[in-house]
Every structure is written in structure tokens, then in C-alpha cells.
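Notes follow once the structure below has been shown.
The values are calculated or read from the model by the stated rules, or taken from the named source; none is laboratory data. This one's a predicted model, so the numbers in the text were calculated from it and none came from an experiment. Positions of Cβ are generated from backbone atoms using ideal geometry, with glycine treated the same way; all protein chains shown enter the neighbour counts.
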Amino acid sequence: MSPITTGFRRDFASEITRYRAVAELTERDMDRTVVAANQAGIPQGEIAKMLTVSQAAVSKRLGKAARLPTDDSPYDVALRRNAGKFSRDEMIERLINWDYLPRQTGFDEPMVDVPGSIDEVIRAHDSGFLSDEEYDTILKGIQAKAEERR
């Protein structure tokens, strides 16, 4: 007996990308919330109880979270789109119209992304959160916008 086929093929790649985006976005949002709680004066021990982790784990999370931008970044926009928070077109519009910070250049260029810069769009593409077509559309849109300003 052969299995019944319906012609439907599950898109595992899209599903996995969506779950990766949701997981990473959840971590980033959790980190931001832990930082805000700490800045509001809630002791690390109390935050640890909320997270059901040790105080040392909270301290480590706070150290990692210090590198995150406080608000959404271009990378977050790509994550939120992949997590289903808004449409592809809205993501592209937001990323084309983003007020990007300048990238560091020269021999002392860091091996890390500059938060709020085009580096985050590149990272989103490299991480599979932007397709080649979306990436090209965004870069061309940014370039066209820059040319309009001249």
C-alpha cells in the first residue's frame, strides 16, 4: 500500500526559519526586559526568581544584553517579519527608510556589526532572514533614497 499524496509539500525551510526568528526575537526581547527591570531597580535576585534561573545567570544575561540596542534595530525588523509580525512589503519599506548609522571603515574595522548600521541588514541576509531578492531590493532602495538626497 502506498501513502496517499495530496500534492501538498510542507515547506520545512520556511517553518524552521520562522521558529529561529521567533526564538531569537524572544531572547532579544527578554534581554531588553531584564535590562529594563534592572534599571527600574529590581534586584537581580528577584529577576532571577522571575526567570527561574540563578542570580549569576541574570548577571551574565545583563552583560550580554548591554550590547543590544534598546529599541528595535534593522536586524529586529527582519526577525519580526520572519516571526509573522508584519508583511514582507512593510519590512522592506522599514529597512529602506531606516535612518542607518555609519559603518566603521578602515584598518581598525571591528569584526562585529555596528548596531543600527547597514551591517545588521547584511547579518539578517547572511542568517537567512532576508532572501537574496529582498536583500537586493532593500539595498537598491537605500541607494535610490541616498541619490534623491543629493
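Every test in (1) over 15 Å from Asp76 (Cβ atoms); (2) more than 13 Å from the chain's Cα centre (by Cα); (3) at pLDDT 95 or above is passed by Trp98 save one, and that test is (1). Exactly one residue among Ser127, Ser59 is in the same structural domain as Glu24 (by TED's automatic domain parsing) and polar (S, T, N, Q), and that residue is Ser59. Taking the criterion of being surrounded by fewer than 15 Cβ atoms within 10 Å (Cβ to Cβ), part of a loop (DSSP other than H, G, I, E, B) and in contact with a helix residue (DSSP H, G or I) (Cβ under 9 Å, 6 or more places away or on another chain), would at least one residue in region 132-145 satisfy it? Checking region 132-145: not a single residue is surrounded by fewer than 15 Cβ atoms within 10 Å (Cβ to Cβ), part of a loop (DSSP other than H, G, I, E, B) and in contact with a helix residue (DSSP H, G or I) (Cβ under 9 Å, 6 or more places away or on another chain). For the criterion of being surrounded by 14 or more Cβ atoms within 10 Å (Cβ to Cβ) and either charged (D, E, K, R) or modelled with pLDDT under 95 (or both), Arg9 fails.
Looking only at region 9-67, count how many residues are of a type in the set (A, V, I, L, M) and touching a Leu at 6+ places or on another chain (Cβ under 6 Å).
Within region 9-67, residues that are of a type in the set (A, V, I, L, M) and touching a Leu at 6+ places or on another chain (Cβ under 6 Å) number 2.
Within region 61-91, can you find the residues that are over 24 Å from Glu134 (Cα atoms), basic (Lys, Arg) and either crowded, with 18+ Cβ neighbours inside 10 Å or modelled with pLDDT of 95 or more (or both)? Matches in region 61-91: Arg61 only.
Per this entry, Val121 is not counted among residues that are closer than 25 Å to Thr17 by Cα, among the β-branched types (Val, Ile, Thr) and in a loop (DSSP other than H, G, I, E, B). For region 100-112, the condition of being outside the structural domain of Glu24 (by TED's automatic domain parsing), under 21 Å from Asp29 (Cα atoms), of a type in the set (A, V, I, L, M, F, W, C) and surrounded by 12 or more Cβ atoms within 10 Å (Cβ to Cβ) holds for none of the residues.
Gln39 passes every criterion in (1) out of contact with any Pro (no Cβ under 6 Å at 6 or more places or on another chain); (2) under 24 Å from Asp113 (Cα atoms); (3) surrounded by fewer than 18 Cβ atoms within 10 Å (Cβ to Cβ) apart from (2). Inspect all residues belonging to region 25-43 and state whether any of them is touching a residue at least 40 places away in the same chain (Cβ under 8 Å) and either closer than 26 Å to Asn97 by Cβ or small (Gly, Ala, Ser) (or both). Within region 25-43, one or more residues are touching a residue at least 40 places away in the same chain (Cβ under 8 Å) and either closer than 26 Å to Asn97 by Cβ or small (Gly, Ala, Ser) (or both).
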